[in-house]
Amino acid sequence: MKMTDTDSSSCCACCVSLKDRCPRPKGLISLIITKVCLFALLFGVVWSITGPECLPGGNLFGIVILFICAVLGGKLVGMIQLPTLPPFPPLLGMLLAGLLLRNVPYVTDAVYIDSNWSAALRNIALSIILTRAGLGLDPSALQRLKAVCLRLAVGPCVSEACIIAIVSHFLLDLPWVWGFILGFVLAAVSPAVVVPSMLLLQREGYGVEKGIPTLLMAAGSFDDILAITGFSTCLGIAFSTGSTWMNILKGVLEVVGGVIVGLILGLFLSCFPSTDQEDLVLRRTLMLLGLSIFSVFFSHVIGFAGAGGLSTLVLAFLAALCWKTDKAPVAAMVGRSWDVFQPLLFGLIGAEITIANLSPSTVGLGVACISIGLVIRLLVTFLLVHFGGFNMKEKLFIAVAWLPKATVQAAIGSKALDMAREGRDEALIKFGLDVLTIAVLAILTTAPIGALGIGLAGPRLLARQVKADESGGVATSSSTNGVVQEKDNVTLESKL
């Protein structure tokens with residue numbers, strides 16, 4: 001039966017009328033319903049495939065629930081924002097979600113996660129962090145600020161690591177090599193806190209004239225590289241057998257081997273896949289992540305655990321250097337994978353801590369170690385930027401901005417404990433648990449303090465450069481003491 005034009009018009013009018021009458025939620029209600037449906041579908045799909053493993057007490061059930069709770073915790077904490085301050089880092093909510101799941105009665109029994117799965121997921125997250133760090137290094141910024149950047153990256157990190165090693169040896173009775181493991185774990189600054197805060201200040205024009213946001217973001221990458229390298233070297237010594245000199249030699253070989261392998265793999269990525277292939281960005285991303293994850297895991301297999309992380313950093317940096325402007329879409333896709341593994345990483349780190357098993361003395365002495373290390377870090381940072389052309393307020397801000405710790409501590413804080421569990425040595429397991437506990441304490445204390453400190457100190461201590469009006473030909477640079485100077489019309493982006 002053929003439909004006439006009149007029938008078609010009536011049908012369309014009926015559909016439009018029905019569409020207008022049907023309620024269609026928007027805004028927050030729609031967002032909440034969508035998120036709940038996505039989480040329900042995630043659970044339903046995994047349950048339909050795995051069966052009992054996705055029921056309470058099963059391993060996959062624990063991972064899914066941890067992921068969901070970590071995401072929700074991160075969203076809730078990220079919504080906390082005080083006037084004139086940057087938002088709290090979501091990683092705190094993720095960490096607290098894992099901590100609660102591990103320590104709430106009855107919930108702990110239902111949310112079980114196999115230790116091997118936990119270690120594997122954290123290692124994957126570590127490889128993604130290191131890949132992002134390698135891709136994020138800016139060669140031009142490093143060339144402009146190389147002298148002060150080098151001082152800022154090396155001095156505070158090494159000083160804090162050494163002072164924490166000494167303090168922890170006498171306060172916590174850690175062996176010297178384990179003291180340096182703890183020192184390098186705590187010495188790394190957190191890009192998860194520093195970078196978003198610097199981008200916010202940069203967008204508002206604070207410190208742009210002297211390149212302070214760029215300096216801190218660039219130096220932060222090298223600070224993390226140095227901390228991870230020192231940690232990997234000490235970790236190799238701690239879990240090696242034989243003479244001390246052979247252990248030190250092995251640590252050096254791990255560093256050299258990691259750099260060489262990273263250079264080879266980075267050159268390989270610069271050539272393959274070739275630019276004439278389809279889906280180039282996707283293939284480059286998969287190759288980059290695949291080689292990074294393989295490097296981290298294979299280094300454990302061959303007994304050179306420290307080489308994998310350094311190799312990942314080098315190969316990502318060299319590949320990005322060869323890709324030049326084409327690295328941006330690859331970095332964006334790697335960032336999406338980090339959005340998945342970030343809740344798992346911080347949630348799993350929080351779930352490693354059982355409050356009932358913590359010794360009050362360990363917590364108290366751990367906080368003392370963290371505090372002493374931070375004081376030394378502040379002083380050293382302030383002194384090392386003294387000849388960098390900064391005024392007193394800017395030097396004070398740089399020192400404050402160098403406090404927060406989170407990402408690297410979560411990535412490598414549990415690595416020593418995982419290796420100790422593989423060897424089933426109770427003494428080493430205790431040392432590893434002490435390192436992890438103090439790393440979590442450092443995240444909980446320094447991440448919010450650092451974020452708040454940067455948000456409060458930035459507008460008060462840094463000069464602000466404001467873009468010129470469209471009708472004007474100059475940009476105004478105003479400092480916090482009320483002095484106003486006129487500068488050439490330069491956009492904020494050109495300062496990067």
Would you work out what percent of the accessible area of segment 80-215, with all protein chains in place, is carbon or sulfur (probe 1.4 Å)? 69 percent
Theoretical FRET efficiency, 1/(1+(r/R0)^6), r = Cβ-Cβ of Val281 and Val340, R0 30 Å, to 0.05: 0.95
Square roots of five times the C-alpha gyration tensor eigenvalues of segment 41-119, ordered largest first and given in whole Å, equal 28, 14, 10
Net charge near Gly432 (other residues with Cβ under 9 Å of its Cβ; Lys, Arg +1; Asp, Glu -1) is +1
State whether segment 246-357 is rounded, prolate or oblate according to the following rule on the C-alpha gyration tensor (a ≥ b ≥ c being the square roots of its eigenvalues): a/c under 1.5 gives rounded; otherwise a/b larger than b/c gives prolate, and the remaining case gives oblate. oblate
I want the local charge near Gly58. Using Cβ-Cβ distances under 15 Å, sum +1 for each Lys or Arg and -1 for each Asp or Glu among the other residues. -3
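Could you calculate the contour length gain from Met333 to Thr354, that is, 0.36 nm times the residue separation minus the distance between their Cα atoms, to one decimal place in nm?
Here the answer is 4.1 nm.
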Solvent-accessible area per residue for segment 192-322 (1.4 angstrom probe, square angstrom): 43 Å²
Here, Thr34 and Asn391, labelled 7 Å along Cα→Cβ, have an inter-label distance in nm of 4.7 nm
Scoring only Lys, Arg, Asp and Glu (+1, +1, -1, -1) among other residues with Cβ under 11 Å from the Cβ of Ser359 yields 0
At q = 0.16, 0.25, 0.26 1/Å the base-10 log of I(q)/I(0) from the Debye formula over the alpha-carbon atoms of segment 282-337 is -0.49, -0.96, -1.01
Can you flag which of Lys146/Lys415; Lys75/Lys405; Lys146/Lys393; Lys146/Lys327; Lys146/Lys405; Lys146/Lys324 are past 25 Å Cα-Cα? Lys146/Lys415
Using a basic spin-label model with each label point 7 Å from the Cα along Cα→Cβ, how many nm lie between Leu42 and Leu253? 4.3 nm
Take every Cα pair under 8 Å in segment 335-465 that's 6+ residues apart, average their separations, divide by the length, and report that relative contact order as a whole percent. 31 percent
Over all Cα pairs of segment 179-248, the Kirkwood radius sets Rh, and Rg/Rh then becomes 1.22
Counting only residues 5 or more places away or on other chains, whose amide H sits under 5 Å from the amide H of Gln465 once H atoms are built in the peptide plane? Tyr206, Gly207, Val208, Glu209, Ser478
Output the peptides 273-283, 105-115 sorted from most to least packed, where packing is the average of other Cβ atoms within 10 Å over each peptide's residues. 105-115, 273-283
For segment 326-431, what does the alpha-carbon gyration tensor say about shape, rounded, prolate or oblate, given a ≥ b ≥ c as the root eigenvalues, a/c under 1.5 as rounded, and a/b over b/c as prolate? oblate
Express the C-alpha Rg of segment 39-181 as a ratio against the empirical globular expectation 2.2 N^0.38 Å, rounded to two decimals. 1.43
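Give the average over all directions of the projected area of the C-alpha convex hull of segment 140-219, one decimal, in nm².
The orientation-averaged projected area of the Cα hull of segment 140-219 comes to 6.1 nm².
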Answer rounded, prolate or oblate for segment 171-290, using the Cα gyration tensor with square roots of eigenvalues a ≥ b ≥ c: rounded when a/c is under 1.5, else prolate when a/b is larger than b/c, else oblate. oblate
Using bins 5 angstrom wide from zero, how does P(r) for segment 374-459 break down, in % of all Cα pairs? 3, 15, 17, 16, 14, 11, 9, 7, 4, 2, 1
Estimated FRET transfer efficiency (Ser270, Ala120; beta-carbon r; R0 25 Å; 0.05): 0.30
Among 367-377, 154-164, 308-318, how do they line up by average Cβ neighbours within 10 Å per residue, starting with the highest? 308-318, 154-164, 367-377
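The values are calculated or read from the model by the stated rules, or taken from the named source; none is laboratory data. Predicted, not measured: the structure shown is a model, and the values here were computed from it. A quick note on method: Cβ atoms are made from the backbone with ideal geometry, for glycine too, and the neighbour counts reach across all protein chains shown. Side chains included, ligands, DNA and RNA excluded: accessible areas come from the protein's heavy atoms. Shrake-Rupley method; radii C 1.70, N 1.55, O 1.52, S 1.80 Å.
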